[in-house]
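The values are calculated or read from the model by the stated rules, or taken from the named source; none is laboratory data. Quantities reported herein were computed from a predicted structural model and do not represent experimental measurements. Here the Cβ positions follow ideal geometry from the backbone for every residue, glycine too, while neighbour counts run over all protein chains shown.
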Amino acid sequence: MNIYAEFAQKMLPLIEASSLLAGVDADTRAKLPLDRIVVEPPRDVSHGDMATNAALVLAKGLRQKPRDIAEAIAALLSDNAAALNVQSVSIAGPGFINITLEHSVWQSIIGEVLHNGKNFGRPDLGQGEKINVEYVSANPTGPMHVGHCRGAVFGDALATLLSFSGFDVTREYYINDAGAQVDVLARSAFLRYREALGENIGDIPEGFYPGTYLVPLGEQLKDQYGSTLLDMDETDWLPLIKRAAISAMMDLIRADLEKLGVAHDLFFSEQSLTQDGHDRVAEMIDDLTDRNLIYRGTLPPPKGKLPDDWEDREQTLFRSTLYGDDVDRALLKSDGSYTYFASDIAYHFDKYKRGFNLMVDVLGADHQGYLKRMTAAVKAISAGNASLDIRFCQLVNLFRDGQPVKMSKRSGNLVTLADVVEEVGRDVTRFIMLYRKNDATLDFDFTKVLEQSKDNPVFYVQYAHARTHSTFAQAVEVFDEKILDDLDQVDVSALTDASELALMRKLAEYPRIVEAAAKFYEPHRVAFYLNDLASAFHGHWNRGKDLPQLRFIKDDNEKLTRARLALVLAVQIVLRSGLNLLGVDAREELR
């Protein structure tokens with residue numbers, strides 16, 4: 001129930017049938033941007049309950065002053081006040097129309113929330129359409145660091161949000177297990193294997209992975225192979241250790257993700273693209289070749305200073321510029337092996353063949369160059385039938401009391417995801433990671449995120465939810481358990497105080513917020529909303545301290561108490577729903 005969208009749906013036919021459009025020819029009518037007319041909460045609550053930009057949108061097409069159009073629409077709304085439950089209409093600025101509704105409209109929201117429960121605010125944007133959300137996809141070379149943590153939380157919350165909104169979501173992790181970095185990992189593990197056999201390996205060589213997380217793998221290799229690997233050539237022991245290392249690192253990564261409450265439906269191996277006699281990269285190249293999208297040619301040199309290894313040579317190129325890329329892209333290296341880009345295209349081609357016309361990749365900030373080439377590639381491999389939306393997660397700066405946090409010894413040079421979660425907990429980590437838009441840098445202060453104050457949003461929201469439970473417990477003490485029966489049937493018409501109505505209006509915003517968050521892939525909107533709802537609830541609670549007549553529980557008035565408990569239950573349901581979307585526990589009590 002998006003009350004703002006519903007009002008717009010009632011208002012637009014009135015405008016189209018009014019004298020405002022009388023005499024307007026069909027061609028002009030067809031060009032009017034009616035889809036840009038929105039009804040939304042006003043920025044200033046003193047202006048009313050709703051605001052619409054209808055006059056500003058129509059002004060150019062109708063060749064009239066926005067203010068004149070606004071006056072005509074205001075009169076139209078006033079004439080239909082009873083049908084629209086409008087109490088008053090006013091005009092502000094150049095032509096914004098502010099609308100105040102009857103109290104009954106907002107009071108009805110309580111019943112809507114209680115009737116729909118966990119489904120309140122659930123949009124049907126997806127209508128069952130399949131969508132693939134790929135996130136984290138960290139190289140299997142060690143424990144996950146705090147940068148991965150943000151991408152994991154964002155991707156997981158986005159997937160939950162899209163699932164809640166009617167999409168058939170697959171959560172996917174792409175294992176980059178075919179690159180040179182995995183060879184480096186295997187050689188680093190071989191050092192730890194030699195160390196486990198009693199050898200003094202000295203300092204870890206430059207370019208190897210120095211973290212102590214490889215020590216247990218060295219012990220495991222010793223137990224499995226004894227000293228036999230020492231007698232082998234590298235060409236023989238490298239694939240053995242590589243398999244063991246990848247398996248061990250993925251176990252480590254899964255354990256880290258579990259700490260964060262993140263689980264994927266599918267782990268897709270890059271190696272599998274060319275294994276078991278099935279070369280899906282070659283299949284992709286053949287498909288593009290058949291459509292004249294592959295050719296032999298040369299590329300212009302990079303802008304700026306030329307690299308020392310620059311070669312002006314003929315290459316196998318993909319015509320990515322036909323689909324919006326800056327330059328065409330090479331698919332084969334000089335030794336005939338596939339480029340990373342070729343494997344990435346083949347991977348997304350595989351997604352497309354699995355039935356995903358909608359794909360979302362969540363990447364780190366250092367992958368900005370990936371945007372144009374991969375969106376172009378997905379257009380090409382799907383002949384324009386599929387789309388790829390890439391979301392970047394900016395850096396996380398860690399502080400303690402305002403001072404930068406030192407690096408982790410375990411990872412060698414990075415603060416790990418486990419370090420963060422073990423210190424502040426899963427709920428705090430997830431909420432704070434989502435309490436800022438994904439493409440903005442995030443400052444994470446270990447001290448501040450654990451403060452029990454209104455300045456700490458995760459505490460503030462969870463405290464609001466816990467307060468709803470304490471309110472019910474207190475009501476049962478004053479009356480009995482029957483006080484909570486059938487609250488969805490309660491008459492709430494007596495709830496007319498300004499802060500009670502403000503709470504109802506805030507509850508009414510939830511469906512609109514969830515729909516926008518899912519539509520624009522922005523789960524932070526839910527986190528912001530929850531903080532606002534918590535603020536409204538705490539504010540009303542605090543008013544009750546000074547004004548006893550506003551307290552939720554009136555021991556001399558059971559009917560009014562039940563009406564107010566219905567409002568509290570509606571707040572609880574929406575808080576819990578929003579927290580669930582973010583993957584954060586809705587606490588019944590805080591200690």
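For the stretch 547-570, state whether one or more residues are crowded, with 20+ Cβ neighbours inside 10 Å and basic (Lys, Arg). Yes - at least one qualifying residue is present in the stretch 547-570. Counting residues in the stretch 361-382 that are over 30 Å from Asp203 (Cβ atoms), not in a loop (DSSP other than H, G, I, E, B) and not assigned by TED's automatic domain parsing to the domain that holds Arg150 gives zero. Scanning the stretch 26-76 for residues that are within 38 Å of the chain's Cα centre (by Cα) and among the hydroxyl-bearing types (Ser, Thr, Tyr), we see that the one that is farthest from Leu501 (Cα to Cα) is Thr52.
Of the residues making up the stretch 70-79, one or more are polar (S, T, N, Q) and at pLDDT 95 or above. Taking the stretch 1-27 as the range and being in a helix (DSSP H, G or I) and in contact (Cβ under 8 Å) with a residue 60 or more places away in the chain as the test, the residues that pass are Ile3, Tyr4, Ala5, Phe7, Lys10, Met11, Leu14, Ile15. Does the stretch 423-444 hold any residues that are among the aromatic types (Phe, Trp, Tyr) and closer than 18 Å to Arg587 by Cα, and which are they? Passing the criteria: only Phe431. Of the residues in the stretch 293-313, none is under 21 Å from Gly155 (Cβ atoms) and of a type in the set (D, E, K, R).
With respect to the conditions (1) farther than 25 Å from Ala22 by Cα; (2) surrounded by fewer than 16 Cβ atoms within 10 Å (Cβ to Cβ), Ile110 lacks only one, and its number is (2).
For the stretch 415-437, a tally of residues being in contact (Cβ under 8 Å) with a residue 24 or more places away in the chain, within 19 Å of Ile253 (Cα to Cα) and not in a helix (DSSP H, G or I) returns 2. Considering only residues in the stretch 165-174 that are in contact with a helix residue (DSSP H, G or I) (Cβ under 6 Å, 6 or more places away or on another chain) and of a type outside the set (Lys, Arg), the one that is surrounded by the fewest Cβ atoms within 10 Å (Cβ to Cβ) turns out to be Ser165.
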